[in-house]
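Note sheet for the following structure.
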Amino acid sequence: MSLGMSDRLVIFGISGDLAYKMTIPSLYRLEKRGLLEVPVLGVAGTDWGPDGLEKRARASITENAGEPLDESVFARLMAKMSYIYGNFDDPELYEKVFAALGEAQAPTFYLEIPPSLFGMVAKHLAQAGLLAEPARLVVEKPFGHDRASADALASELHQYVQEDQLYRIDHFLGKEPVQDILHLRFANSLLEPVWNRDHVRGIMITMAESFGVADRGSFYDPVGALRDVVQNHILQMLALTCLEPPSGSPMASRRLDFFRGVETVKVEDVVRGQYDGYLKVKGVAPDSTTETFVALKLKVESWRWAGVPIFIRTGKEMPMTATEIVVRLKNPPGVVYPSRKRPPGHDDIVLRIGKNSGVGFSLRIKKPGTDFDEPEMVNLDFAQSLGYIPTPYERLLTDAMKGDHSLFPDQAVEDETWRIVEPILTDPPKIQ
């Protein structure tokens, strides 16, 4: 069921780090594109004073918008923004929110706050009469730390909102290169026919970071690589890589069908590692067994992907920073030059999701003056070819306010993704 377009955006946690780095710059970019159509109310636990919001927003945009600040755009944004402050567990704060919303009938409440506060804030909003449909509630990850806690959090929130009012943000799904996966697959006659078990040898997804945990030890140590990026970001990218073609069914249904076909991972198909020096990071337990690296093999029981191995790896302090999906194709018959070995290299389709987003194809071409061929990579850089690329939160906030669930995992999908990785959480292999 569609809830229609929101008429107000309310951001709890407007004073936080995520708002500073991501949300406020995204609102500015939306305003610049003429796409911010509603007033924005920030709710903070801090009193910034009469000019605090403007100063905070100016610094945030200057530092993080990725472009020079345009004073006319900034003035328009500030005309739409306001904020109130108070204790998130104080009913008086929600009376202020109610008053500030005025005639708004369909607000979107975005909770940029720790998950431990989701239920409390939702309860106060409901008691203030603010969560009745067509209002909606947007929450940030992590949504639980295992299957049981995710189910418990959903049950708590379902006391106050229906599932179709609830939007779970995974910012990776808002990245343009991630959304491009489906379009590359199904809009290109060169790719669509080979995207199946008849032509694909394997799929590899890598999210590597050349840096470590730095000053985030106390946050990262209870989480680890599996919870931080595999259960959410990487599995969602995998779903887009493997989904069936659009057929009129909602994205949520197609995504759920895929995850139901993914076998629960076997512990013997998992490697967990920890980089040298991790135990010395401030906030990390001296005897921590938290993984900063994890690699695993998955199998999908579906007609399209039966027998195709899927490999996932992610880690910190790796040799480089890169996020990419490699679809490795089967080799053609070696009949062109049967008297010699096939040259080195692989026939890959590479989808780059990080800063240098784009797509690459490995082709074999004849080396001039010889009868030998050699692999070459043909690359397309999205930024160079396509120009402006919206930030993830530009798309996700707009979709939530439109009532479009396509990029937001629902509770059934969350349950399946936790089910897939559950054995690694309950009986983790030894850290290497």
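The values are calculated or read from the model by the stated rules, or taken from the named source; none is laboratory data. Please read these numbers as outputs of a predicted model, since none were measured by experiment. Cβ sites come from the backbone with ideal geometry, for glycine too, and all protein chains shown count toward neighbours. The area values use the complete protein model at the heavy-atom level, side chains included, leaving out ligands, DNA and RNA. Shrake-Rupley method; radii C 1.70, N 1.55, O 1.52, S 1.80 Å.
Using the charge dipole of segment 280-409 (Lys, Arg: +1 at Cβ; Asp, Glu: -1 at Cβ; taken about the Cα centre), state which of 393, 357, 331 has its Cα farthest towards the positive end. Most positive-ward Cα: 331. Were the residues from residue 182 through residue 17 laid out at 0.36 nm apart, the gain over their Cα-Cα distance would be 56.2 nm. Taking only protein heavy atoms and a 1.4 Å probe, the accessible area of segment 73-216 is 53% carbon and sulfur. From helices alone, the chain scores -8500 deg cm²/dmol at 222 nm; the rule is -39500 (n - 2.57) for each run of n ≥ 4 DSSP H residues, then divide by the residue total.
A Förster radius of 22 Å, combined with the Cβ-Cβ distance separating residue 402 from residue 105, puts the computed FRET efficiency at roughly 0.90.
Within a straight-line Cα-Cα reach of under 19 Å, residue 21 can be paired with the following lysines, leaving aside sequence neighbours fewer than 8 residues apart in one chain: 32, 55, 141, 175, 355. Potential lengthening of the chain between residue 432 and residue 373 amounts to 17.2 nm, from the contour at 0.36 nm per residue minus the alpha-carbon distance. In terms of the Cα gyration tensor, with a ≥ b ≥ c the square roots of its eigenvalues, is segment 226-358 rounded because a/c is under 1.5, prolate because a/b exceeds b/c, or oblate? In terms of gyration-tensor shape, oblate. Two decimals is fine: what is log10 I(q)/I(0) at q = 0.16, 0.17 Å⁻¹ for segment 310-432, from a Debye sum with one equal scatterer on every Cα and no solvent? Cα-only, vacuum Debye calculation for segment 310-432: -1.10, -1.15.
Close amide H pairs (under 5 Å, H built 1.01 Å from N) link residue 262 with 301, residues at least 5 positions away or on another chain.
When you have a sec, figure out the Kirkwood radius of the chain from all distinct Cα pair distances and drop it here in Å to one decimal? It works out to 23.6 Å. Choose one of 119, 210, 109: the residue whose Cα lies farthest towards the positive end of the charge dipole of the chain (beta-carbon charges +1 Lys, Arg; -1 Asp, Glu; about the Cα centre). The residue sitting farthest along the positive end of the dipole is 210. Amide hydrogen proximity for residue 110: with H placed 1.01 Å from N in the peptide plane, the residues at 5 or more positions away or on another chain lying under 5 Å are 10, 11, 12, 138.
The GNM of the chain, with springs linking C-alpha atoms under 10 angstrom apart, assigns the highest mean-square fluctuation among 192, 176, 324 to 192.
Computed over the Cα atoms of segment 1-111, the ratio of the radius of gyration to the Kirkwood radius (Rg/Rh) comes to 0.96. Under the classification rounded if a/c is under 1.5, otherwise prolate if a/b is larger than b/c and oblate if not, where does segment 98-177 fall, given a ≥ b ≥ c as square roots of the Cα gyration tensor eigenvalues? Oblate, since a/c reaches 1.5 and b/c is not below a/b. Remark: segment 245-307 carries 54 Å² of accessible area per residue (probe radius 1.4 Å; ligands, DNA and RNA excluded). From the square roots a ≥ b ≥ c of the eigenvalues of the alpha-carbon gyration tensor of segment 73-122, which class results: rounded (a/c under 1.5), prolate (a/b over b/c), or oblate? Verdict is prolate for segment 73-122. Note that segment 329-432 presents 56 Å² accessible area per residue, ligands and nucleic acids not counted, probe 1.4 Å. Computed over protein heavy atoms with a 1.4 Å probe, the accessible surface of segment 32-97 works out to 54 Å² per residue.
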